[in-house]
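The values are calculated or read from the model by the stated rules, or taken from the named source; none is laboratory data. Here the structure is a predicted model, which means the values were calculated and not measured. FYI the Cβ positions are ideal-geometry reconstructions off the backbone, even for glycines, and counts take in every protein chain you see. Ligands, DNA and RNA are stripped out before the accessible areas are found, and what is left, the full protein with its side chains, is counted by its heavy atoms. Shrake-Rupley method; radii C 1.70, N 1.55, O 1.52, S 1.80 Å.
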Amino acid sequence: MNRPSISDMVGTAVKSVVVTDMHTHLFPPSFARLQMSGADRVLTYHYLIAEAFRTGPASETRFWQTPLAGQAEWIYGRLFETLSPLSEAASGVLEIAQAFAVNIQAEGLDGLRRALMQEADDLYVDRVLDLAGVDRVVMTNDPFDAIERGYWQDRVPLHPRFVSALRLDPLINQFDQVISPLRSMGYQVGPELTDGAQTEVRRFLEDWIERMRPVYCAISLADTFAFPDAGPGGRVLESVVLPLCAQHKLPLALMIGARRQVNPRLQAAGDSTGKASMQPLERLCRDFPENKFLVSLLSRENQHELIVTARKFGNLMPFGCWWFLNTDSLVEEITRMRLELIGPTFVAQHSDARVLEHLIYKWARSRNVVARVLTDKYEKLAKFGWTVDAKAIETDVKALFSQNFWDFVAR
Ligand code: HDL
Ligand code: ZN
């Protein structure tokens, strides 16, 4: 078993594995006002907005007042015409263009506009998911978003390759701001989190679990997340969300380390990262053994200790290389660490895609990096006399890109 033959087997398995993308911000075409696709959406990805504002003086106010097409043209000028598109997100635009046979240097942004579909229909969605080798995408569904809430209440049809996840950020992080929307939806809650109010919050969650049928519940949390916490969010988490998730056998995804709006002028592009303590996570995994936790941390400095924590708790499933960590070099570093410390027992990646066509470059990159790392690891097994065969590699690769997730969320 030499390296080239191992590399071929790994490459084939990783290239052909059908991925479950277990955390995205994508919506199906039936959620028309929230669904994002097309060249102008690709170019105005908030990652690219942040990068474009580094290329010289510019007014954020004027940018936000500019219509979408103008925003895209400005970003294109700054990131593709003045300098080379060397960043992960900028080069991702080239990979999307290439997938649609667009020579963007020759055809420019209009060439991409002609090739991509701004108002995606189900056929286009299937085409892009197939191009990316993605079977199903898990959404981020926020019942506190009035537009999204309307689609669910109207029972609009859901494309079969879109799966729901119930996002709870406002309830846990801004409880005072959800009191009014909850009351307007008919739930008797007030500023005091009385037993009665907790019962009503639980009824609210039961109703949305029934409506959305989520595969997990999710919360993003700041680097300063503490547990237990005497504030309303901490009490809702401990007294309502955890028991409810346990009862429904719903994992809770904890995405920790997001420092929101460090630069508000950049809006969605204005968030940053911070190193979190592992202790709240240890307490949750230890003291709530009947709960399951999907966990992703945003700080590079947290990655090793997350994996060590995962070695301590089987109800902790590390997932993905989140947001600022989704770059070739950091996906490689994190995937190596994970394989070396917990073997193929984690969810290798999620895309966090906001725009449909993002799936194409985000998954192509992750496949390449994971294949490179796995080849090294299988070559080592062969060196120690282990028979490395295609079937075993396929099983491991499927586990990393899909099966570990579905096994973990199975009820
Ligand atoms: O909170 C989250 O789910 C993050 O992924 C944010 O949406 C972030 O803006 C993002 O898009 N990261 O990729
Ligand atoms: Zn996200």
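Assorted remarks:
- Of the residues making up the stretch 326-384, those that are among the basic types (Lys, Arg), touching a residue at least 60 places away in the same chain (Cβ under 8 Å) and more than 16 Å from ligand 2 (Cβ to nearest atom) are ARG365, ARG367.
- Of all the criteria given as (1) surrounded by 17 or more Cβ atoms within 10 Å (Cβ to Cβ); (2) on the phi > 0 side of the Ramachandran plot, the one not satisfied by ARG338 is (2).
- Looking across MET22, MET36, one residue alone is within 16 Å of ligand 1 (Cβ to nearest atom) and open to solvent by 30 Å² or more (accessible area, probe 1.4 Å). It is MET36.
- Listing of helices (runs of 4 or more DSSP H) fully contained in the stretch 225-294 that carry 2 or more residues being on the phi > 0 side of the Ramachandran plot, open to solvent by less than 10 Å² (accessible area, probe 1.4 Å) and within 16 Å of ligand 1 (Cβ to nearest atom): none
- Checking the stated criteria, LEU158 turns out not to satisfy the condition of being touching a helix residue (DSSP H, G or I) at 6+ places or on another chain (Cβ under 7 Å), over 19 Å from VAL295 (Cβ atoms) and more than 15 Å from ligand 2 (Cβ to nearest atom).
- Applying the set (1) in contact (Cβ under 8 Å) with a residue 24 or more places away in the chain; (2) open to solvent by 40 Å² or more (accessible area, probe 1.4 Å); (3) away from ligand 1 (no atom under 15 Å from the Cβ) to GLU51 leaves exactly one unmet item: (3).
- Filtering the stretch 5-47 to residues that are more than 15 Å from GLU119 (Cβ to Cβ) and either within 16 Å of ligand 2 (Cβ to nearest atom) or modelled with pLDDT under 95 (or both) leaves THR20, ASP21, MET22, HIS23, THR24, HIS25, TYR45, HIS46, TYR47.
- Looking only at the stretch 385-411, and only at residues there that are basic (Lys, Arg) and in contact (Cβ under 8 Å) with a residue 40 or more places away in the chain, the one that is surrounded by the fewest Cβ atoms within 10 Å (Cβ to Cβ): ARG411
- If only residues of the stretch 155-214 that are more than 16 Å from ligand 1 (Cβ to nearest atom), assigned to a loop (DSSP other than H, G, I, E, B) and open to solvent by less than 30 Å² (accessible area, probe 1.4 Å) are counted, the one that is nearest to PRO143 (Cα to Cα) is TYR187.
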